[in-house]
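See below for the structure under consideration.
The values are calculated or read from the model by the stated rules, or taken from the named source; none is laboratory data. The structure displayed is predicted, hence computed values, not measured ones. Glycine also receives a Cβ, built like all others from the backbone with ideal geometry; neighbour counts cover every protein chain displayed. Ligands, DNA and RNA are excluded from the accessible area calculation, which covers all protein heavy atoms including side chains. Shrake-Rupley method; radii C 1.70, N 1.55, O 1.52, S 1.80 Å.
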Amino acid sequence: MAANEYYSSSFPSRREDAPLPPVPSSSPSPRPANNTPGVNISPATSPFDDHAYPEYPAASKPTQQNFGDTGYYGASGRTQNPHNSDPFIDQNAIPLQSQSYNPKMEGSPTRYTADPEGRYPLNGGGMGGQRRKKKGWFSGRVTWVCYILTTVQVAVFIGELIKNAVLTKSPIEIHPSFNIMIGPSPFVLINMGARYPPCMHNVHNVTDFPLALPWPCPNATSADGYTCSLSQLCGFGGVPYQAPGTPLNDTSHQPDQWFRFIVPIFLHAGIIHIGFNMLLQMTLGRDMEKEIGSLRFALVYFCSGIFGFVLGGNYAAPGIASTGASGCLFGILALNLLDLCYNWSTRRSPVKDLLFILLDIAIAFVLGLLPGLDNFSHIGGFMMGLVLGICIMHSPPFLRERIGLDEPPYSAVDATPLNEGDDEGVKKFVRQPVGFFKGRKPLWWVWWLFRAGCLVAVLVGFILLLKNFYVWRNECSWCHHLSCLPIHNWCDIGAIRPEIITTNTTSKRELFGLDGLASLPLGMF
């Protein structure tokens with residue numbers, strides 16, 4: 001059949017004995033001119049006309065893989081497709097071809113347009129894709145605070161064992177008593193920076209005692225080792241010399257090793273002690289660091305530990321050398337309790353989680369009542385963690401809905417992680433400090449004034465405790481019951497009693513209230 005007859009307006013049906021049309025070349029022939037004899041093309045020809053069209057040869061039938069070019073080539077709607085036997089058939093009807101599956105994300109239908117600019121790429125794509133969390137050292141994705149702290153604390157503990165081996169010929173304390181925590185001597189810990197009040201300020205019955213006291217040496221393994229001065233025991237260059245009988249209010253030569261409120265965070269009394277603490281730190285601690293971010297975690301961690309040692313320095317027995325990161329971890333435990341209360345309705349089994357946290361708290365506080373243990377570090381760390389948690393953690397979701405805080409999650413895309421929620425509020429406050437407070441609801445003011453009051457209260461309490469430790473030295477007559485049980489003279493352990501030094505039967509360990517400790521280490525928590 002001639003080409004001009006085949007493309008006529010009549011479009012006759014193909015006869016059974018008609019040969020198949022030839023496969024067009026990659027360069028299709030141009031459209032014949034309208035003035036060609038024998039050709040009559042109707043201007044009304046449309047792809048919707050009911051005509052019979054010739055079939056493709058079997059070898060050249062298009063498949064989904066053939067349609068590589070579905071572009072738009074002009075307003076006329078006609079294109080020359082090399083896969084078509086008719087180069088002038090309208091190609092507006094786009095062929096079926098394989099498309100990438102893009103299912104609707106979970107949640108509200110507004111998720112389609114919640115991120116029209118594509119600023120928040122998805123993790124993995126597909127169903128349930130979530131907004132990618134903010135990256136960086138301080139985002140909480142990498143719990144570098146827990147990793148670094150654990151590494152340093154383990155390294156310091158190894159150093160404790162080495163120093164104890166150098167001084168006493170054994171890596172753990174064996175004489176005069178065995179350290180059941182499997183660790184160094186308490187005198188080695190004092191020499192390495194444990195919280196020990198006589199090295200930090202004037203102490204009653206020590207500074208104002210008229211006779212010079214025999215202090216234990218760091219290498220003491222028997223009663224004969226009580227021949228050192230306080231300066232030799234404290235180490236770190238020693239403390240200023242004070243003549244026996246110096247008044248307490250004379251601070252001209254007062255011991256001043258204030259860093260003993262911080263250094264004990266990295267010291268531990270034994271393998272069992274550091275083992276339990278690091279286990280809690282690398283499980284509960286890492287989870288909380290992921291939730292609130294590394295900066296907030298580090299703030300609560302160190303503030304809780306320092307506050308616990310300051311509280312213990314005021315009210316614990318002065319002869320107890322306290323070490324360990326338990327105060328820090330109690331602050332983190334308080335954050336977990338607060339987070340559970342805030343998100344009670346969204347937890348899978350909140351009652352079980354609450355019982356687990358309360359059991360941890362109860363066991364730790366009960367152990368703190370045993371002889372030689374500093375329960376004030378636990379109490380102080382927990383109190384600081386609770387107050388700081390109220391100040392720096394996100395408000396409870398049910399409260400946000402009522403007061404209208406500038407804190408997600410109020411987005412249809414994703415629930416923002418806890419450590420990213422305040423970004424917009426902080427930026428808004430920096431840009432417009434006055435405008436940030438306009439239009440706030442009364443409940444918003446009540447809640448934020450409460451949070452500000454908590455922060456002020458904890459700062460004032462910290463300052464007052466330091467003032468009492470160094471200047472006032474007010475004692476609490478009943479506070480010792482928070483750290484000991486009134487049985488077998490346990491509450492007398494750690495009390496320095498130099499008034500009995502003149503008796504011939506007085507033991508040096510009895511002088512510092514150590515006889516009742518038996519085999520228990522000093523301040524193992």
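Among the trypsin sites (Lys or Arg not before Pro) within the range 435-489, which fall in a DSSP loop and have no more than 10 other Cβ atoms within 10 Å of their own Cβ?
Sites meeting the loop and neighbour criteria: LYS438.
Given an 8 Å cut-off on Cα distances and at least 6 residues of separation, report the relative contact order of the range 315-396 as a percent.
With pairs under 8 Å counted, the relative contact order is 51 percent.
Modelling each spin label as a point 7 Å along the Cα-to-Cβ direction, I'd like the ALA212/LEU354 distance in nm, to one decimal.
Each label point is offset 7 Å from its Cα along the Cβ direction, giving 6.1 nm.
If you roll a 1.4 Å probe over the heavy atoms of the protein chains, what accessible area per residue do you get for the range 269-409, in Å²?
36 Å²
Specify whether the C-alpha gyration tensor of the range 171-281 places it in the rounded, prolate or oblate class, a ≥ b ≥ c being the square roots of the eigenvalues: rounded for a/c under 1.5, otherwise prolate if a/b is larger than b/c and oblate if not.
oblate
Are there chymotrypsin sites (Phe, Trp or Tyr not before Pro) in the range 233-333 that DSSP marks as loop and that have at most 13 other Cβ atoms within 10 Å, and which are they?
Listed in order of number, the matching sites are TYR241.
Calculate what fraction, in whole %, of the accessible area of the range 289-349 sits on carbon and sulfur atoms when a 1.4 Å probe is rolled over the protein chains.
59 percent
Which chymotrypsin sites (Phe, Trp or Tyr not before Pro) in the range 446-486 sit in a loop by DSSP (not H, G, I, E or B) and have at most 11 other Cβ atoms within 10 Å of their own Cβ?
Within the range 446-486, the qualifying chymotrypsin sites (Phe, Trp or Tyr not before Pro) (loop, at most 11 other Cβ atoms within 10 Å) are TRP478.
Given R₀ = 30 Å, what would the calculated FRET efficiency be for LEU248 paired with LEU459, taking r from the Cβ atoms and rounding to 0.05?
After rounding, the FRET efficiency stands at 0.65.
Could you tell me how far the Cα centroid of the range 276-352 sits from the Cα centroid of the range 434-458, in Å?
First find each Cα centre; the distance between them is then 25 Å.
At 0.36 nm per residue, minus the direct Cα-Cα distance, what do SER222 and HIS204 gain on full extension? Give it in nm, one decimal, please.
Extending this stretch completely gives an extra 3.9 nm.
At 1.4 Å probe size, with every protein chain present, just tell me what the per residue accessible area of the range 178-241 comes to in Å².
Accessible area per residue: 35 Å².
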